[in-house]
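Engineer: Take a look at this one; I'll ask things after.
The values are calculated or read from the model by the stated rules, or taken from the named source; none is laboratory data. Small disclaimer: the values here were computed from a predicted structure and weren't measured. Quick reminder, even Gly has a Cβ in these numbers, built from the backbone with ideal geometry, and neighbours come from all protein chains shown.
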Amino acid sequence: MRLSAAVNLARILADAAATDGARPALLVDGAAVSYAELDRRAAVAAGALRVEPGDRVAIRLPNSTDFVAAYFGALRAGAIVVPLNPLLAPAEVEARLAVAGPVAVVEEPLPVVGEPGPLVERADDDPAVILFTSGTSGRPKGAVLTHGGLRAAAENAADALALGPGDVMLGAAPFSHVLGQSTGLVSTFLARGAVAVIKRFEPEAALATMTATRTTILLGVPTMCIALCQAARSADTLPPVRIAHVGGAAVPVEVARDFERTFGGEVYEGYGLTELSGIATTYTQGQPRKAGSVGTPLGGTELRIADADENGIGEVELRGPSVIPGYWNDPDATAEALDDGWLATGDVGYLDEDGYLFLVDRKKELIIRGGYNVYPREVEEVLYAHPDVLEAAVVGVPHDTLGEEVAALVVPRPGATVTTDGLQAWTKERVAAYKYPRRIALVDDLPKGPTGKILKRGIDRSALA
């Protein structure tokens, strides 16, 4: 579904309420919230906020009807939404509020009855949302997502996934994250589908919700796929999943195969980031899939590989209608990331002869061992192929003579008797001599972010050094 240009993003919900008001928009705790009711609550929230166009409104609520009503209510009033994950520490919250300077912070549900606020029209290039990047190095930056950029990204996702009124999207990705907002909420509302809301991903409970709501689209990260496959082994019935759109981290080939065998739906590996307002590349229905690829660019998104080496591997750069104009009150960060509309992503990859993108790794996670480049994803793929490995993360650790050494942390499958020597022998047989991890540690779990993505910056590398 395509909308006319230059409209407030909140009109997506208002239009859905006008044409399909009785349809369920949210499925929460066994009950349905219709489009008409959700839009009414958003209008009441807009009236209660009493803000001026351009004011910032921070929202610190879990995935819920209250979050969605406050989000679209603030947009409706012409404000700029600043979503904050409820799991952030107080110091992290204060740092983000200091940058955004909101006039209001919503941490409790807004009124559900009251005088509705008007829908204030905004231009395509007006800021709609400020989302803080994960801050893998240095202070977090506030990416400015516009009304037009978010709409373009959501339309691309809806088209790629062929979303329709009969679809139910699992709302497990945090609504405070770009994936949960752009693809989870806005794309689904464009298609008049429903979002099955869960506050926090717990495998058995999530699977039960998916089955009860007949979820057709899983939106998540690889660790969710692994956990759901584990939970499915003891379940009597499974949901009718037709597509699992997985991103946020590389999807090991064996993880995708296991999910497809278990649930029957297809796994679409996609690539997106906050600065793209959502998904940049993925597959479309009927498009041939290639193992290890994140697909092709969507909509008007352009993609190029900058500073490629002799193998065509270089930094991924993107340009298009969903790219952010910059970071909030941060001209230095904006100038570093953007050049003539091209966004330097910090991700390393290559394009094959058919234009499919293959991500090799994060630019900052490249391991240089004795002058040789080692891309962690390649080694992780080998580890995930081991029958006793549940999760794995490969990182570089300091070495006196080589500069860096390859190290791995591995979470074994329940009941497995795998050893570090056995894992080392497994990888040594399957990768070049300079790539296999000389140091391996078996751990109970790996640090993860709010979406379930493995956070390598949270790994204690001193234990591996």
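Engineer: Would you confirm whether or not the stretch 228-240 contains a residue that is within 18 Å of the chain's Cα centre (by Cα) and farther than 18 Å from Ser293 by Cβ? So that I can check it myself, show each step before the final result.
Structural biologist: Of all residues in the stretch 228-240, those within 18 Å of the chain's Cα centre (by Cα) come to 228.
Within this subset, residues satisfying the condition of being farther than 18 Å from Ser293 by Cβ are 228.
Yes, some residue in the stretch 228-240 is within 18 Å of the chain's Cα centre (by Cα) and farther than 18 Å from Ser293 by Cβ.
Engineer: Next question. For Ile324, all conditions in the list (1) surrounded by fewer than 20 Cβ atoms within 10 Å (Cβ to Cβ); (2) part of a loop (DSSP other than H, G, I, E, B) hold save one; what is the number of the exception?
Structural biologist: (1)
Engineer: Working only within the stretch 132-174, note down all residues that are in a loop (DSSP other than H, G, I, E, B) and modelled with pLDDT of 95 or more. So that I can check it myself, show each step before the final result.
Structural biologist: We begin by selecting, within the stretch 132-174, every residue in a loop (DSSP other than H, G, I, E, B); these are 133-141, 161-167, 172-174.
Listed by number, the residues that qualify are Leu161, Ala162, Leu163, Gly164, Pro165, Gly166, Asp167.
Engineer: Please go through the stretch 438-465 and pick out each residue that is among the hydrophobic types (A, V, I, L, M, F, W, C), out of contact with any Gly (no Cβ under 7 Å at 6 or more places or on another chain) and under 19 Å from Lys364 (Cβ atoms).
Structural biologist: The initial filter retains those residues of the stretch 438-465 that are among the hydrophobic types (A, V, I, L, M, F, W, C), namely 440-443, 446, 454-455, 459, 463-465.
Add one more test, that the residue is out of contact with any Gly (no Cβ under 7 Å at 6 or more places or on another chain), and what stays is 440-443, 446, 454, 459, 463-465.
Once the filter is applied, which keeps residues that are among the hydrophobic types (A, V, I, L, M, F, W, C), out of contact with any Gly (no Cβ under 7 Å at 6 or more places or on another chain) and under 19 Å from Lys364 (Cβ atoms), the stretch 438-465 yields Leu446, Ile454, Ile459, Leu464, Ala465.
Engineer: Would you mind finding the one in Asp159, Asp236, Asp167 that is farther than 19 Å from Thr451 by Cα and free of Cβ contacts under 8 Å to residues at least 12 places away in the same chain? Reasoning before the result, please.
Structural biologist: Details: Asp159 fails: free of Cβ contacts under 8 Å to residues at least 12 places away in the same chain; Asp167 fails: free of Cβ contacts under 8 Å to residues at least 12 places away in the same chain.
None of the other options fit; the residue is Asp236.
Engineer: Ala212 - would you say it is of a type in the set (Gly, Ala, Ser), assigned by TED's automatic domain parsing to the domain that holds Asp29 and either part of a loop (DSSP other than H, G, I, E, B) or in contact with a strand residue (DSSP E or B) (Cβ under 6 Å, 6 or more places away or on another chain) (or both)? Even if it seems obvious, please write down each step before you answer.
Structural biologist: Numbers: of a type in the set (Gly, Ala, Ser): yes; assigned by TED's automatic domain parsing to the domain that holds Asp29: yes; either part of a loop (DSSP other than H, G, I, E, B) or in contact with a strand residue (DSSP E or B) (Cβ under 6 Å, 6 or more places away or on another chain) (or both): no.
Criteria not met by Ala212.
Engineer: Looking at (1) buried (at least 17 other Cβ atoms within 10 Å of the Cβ); (2) assigned by TED's automatic domain parsing to the domain that holds Ala280, which is the one condition that is false for Glu353?
Structural biologist: (1)
Engineer: So in the stretch 172-185, with the set limited to residues that are under 17 Å from Val28 (Cα atoms) and of a type in the set (A, V, I, L, M), which one is surrounded by the fewest Cβ atoms within 10 Å (Cβ to Cβ)? Lay out the reasoning, then the answer.
Structural biologist: Looking only at the stretch 172-185, we keep the residues that are under 17 Å from Val28 (Cα atoms), and these are 172-175, 180-181, 184-185.
Next cut, of a type in the set (A, V, I, L, M) only: 172-173, 185.
Numbers: Ala172: 29, Ala173: 29, Leu185: 26.
Among those that are under 17 Å from Val28 (Cα atoms) and of a type in the set (A, V, I, L, M), it is Leu185.
Engineer: A further question follows. Mind checking which residues of the stretch 67-113 are surrounded by fewer than 14 Cβ atoms within 10 Å (Cβ to Cβ) and touching a residue at least 60 places away in the same chain (Cβ under 8 Å)?
Structural biologist: Leu87, Pro111, Val113, listed by residue number.
Engineer: Wholly within the stretch 347-405, which strands (runs of 3 or more DSSP E) include no fewer than the required count, namely at least 1 residues that are closer than 30 Å to Thr417 by Cβ?
Structural biologist: Details: elements: 357-362, 367-369, 372-374, 389-399.
The qualifying strands (runs of 3 or more DSSP E) are 367-369, 372-374, 389-399.
Engineer: Could you please let me know if Ala344 is without any contact (Cβ under 8 Å) to a residue 60 or more places away in the chain and in a strand (DSSP E or B)?
Structural biologist: Details: without any contact (Cβ under 8 Å) to a residue 60 or more places away in the chain: yes; in a strand (DSSP E or B): yes.
So Ala344 fits the description; yes.
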